[in-house]
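Peer 1: Please see the structure below; I have some questions.
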Amino acid sequence: MAKLVGPYCSIYFHGYDLSGLSNQWDIEEAFGDLDLTGFGEGVENSAPGIPGVNGSLATFLDATANQSYAALKTPGSFTDKLLSILIGQNAAPVIGDPVLALLCKQFSYAIPLDLATARVANAAFKSAGYMLDPGRVLANASITNTTNFTEVDNAVSSASGGVGYVQILTPTTTDTYVIKIQHATTLPTYSDLITFTLNGTARGAERIAVAGTINRYVRCQATRTGSGQTLKLACAFARY
């Protein structure tokens, strides 16, 4: 098995790119422990309870526009947000690389500081009723025109549906994009699988789940209307 090192990750939180400001993350997927011990048994019995995901992220504190402070300063909201961790294979993350995606709520934001360290901030997250979605990167780039991204080949189709994620990291001002996830049984004949409601003009993120058969090949497509402004996006898909 190839040995992988830590620096090659991209960290996106609901439209904010925290990659260059983050230096540690942790994701734990676990089940609660239900006590099933009866009187007189003499040993503890238990069973798995409700599943959940806990996450944490350590960032350098940057209060300039659209950086870590703006992304993480308002914990405790009831609004569900998307955390996407793209894991590069000893290089910057590209299409086909693993991604860990989670619909979550941010529960804390702590800012410790002492004389010997940089200003850092620690955020904690809990899943918003969903488990972790381990998937594949479909797009992670800045574009200025309609783009059909390279497909990811799953070798075979799957029958249990899946979930798509998109992160709008650098929005446009007037250009709009129709962002889709498409699938195909044989190339180059694609059909639409997911059409996101985000059109690229606002920072944010979106999660859409689908049921049924997912064909062998999956790709992201972004169709532009406008003059060629830059859009930075990340897209991912996880099969169930």
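The values are calculated or read from the model by the stated rules, or taken from the named source; none is laboratory data. All figures in this text were calculated on a predicted structure; none of them were measured in a lab. No Cβ is skipped: glycine too gets one built from the backbone with ideal geometry, and neighbour counts run over all protein chains shown.
Peer 1: With over 26 Å from V163 (Cβ atoms), touching a residue at least 24 places away in the same chain (Cβ under 8 Å), touching a strand residue (DSSP E or B) at 6+ places or on another chain (Cβ under 9 Å) and of a type in the set (S, T, N, Q) as the only criterion, which of N54, N66 stands out? Steps first, answer last, please.
Peer 2: Working: N54 fails: over 26 Å from V163 (Cβ atoms).
One residue alone meets the criteria, N66.
Peer 1: Just the residues that are surrounded by fewer than 18 Cβ atoms within 10 Å (Cβ to Cβ), part of a loop (DSSP other than H, G, I, E, B) and among the polar types (S, T, N, Q), please, taken from region 200-228.
Peer 2: T201, T213, S227
Peer 1: Considering only region 70-88, state which residues are within 14 Å of the chain's Cα centre (by Cα) and of a type in the set (S, T, Y).
Peer 2: S84
Peer 1: Do you know which residues across region 61-81 are under 19 Å from T170 (Cα atoms) and surrounded by fewer than 10 Cβ atoms within 10 Å (Cβ to Cβ)? It would help to see each step written out before you state the result.
Peer 2: Our first condition is that a residue be under 19 Å from T170 (Cα atoms); within region 61-81, this holds for 62-72, 81.
Correct list: T64, A65.
Peer 1: Could I ask something else about it? Kindly indicate whether T74 is touching a residue at least 24 places away in the same chain (Cβ under 8 Å) and among the β-branched types (V, I, T).
Peer 2: Numbers: touching a residue at least 24 places away in the same chain (Cβ under 8 Å): yes; among the β-branched types (V, I, T): yes.
In short, yes.
Peer 1: Can you tell me which residue within region 17-33, out of those that are in contact with a Ser or Thr (Cβ under 6 Å, 6 or more places away or on another chain) and modelled with pLDDT of 90 or more, is nearest to L82 (Cα to Cα)?
Peer 2: In the first step, residues of region 17-33 are kept if they are in contact with a Ser or Thr (Cβ under 6 Å, 6 or more places away or on another chain); the result is 18-19, 21-22, 26, 33.
Now narrow it down to the ones that are modelled with pLDDT of 90 or more: 18-19, 21-22, 26.
Working: L18: 13, S19: 15, L21: 18, S22: 16, D26: 15 Å.
Among residues in region 17-33 that are in contact with a Ser or Thr (Cβ under 6 Å, 6 or more places away or on another chain) and modelled with pLDDT of 90 or more, the one nearest to L82 (Cα to Cα) is L18.
Peer 1: Kindly state which strands (runs of 3 or more DSSP E) lie completely within region 87-186 and contain at least 2 residues that are over 20 Å from E206 (Cα atoms). Reasoning before the result, please.
Peer 2: Working: elements: 98-110, 120-127, 133-143, 162-170, 176-184.
Output list reads 98-110, 120-127.
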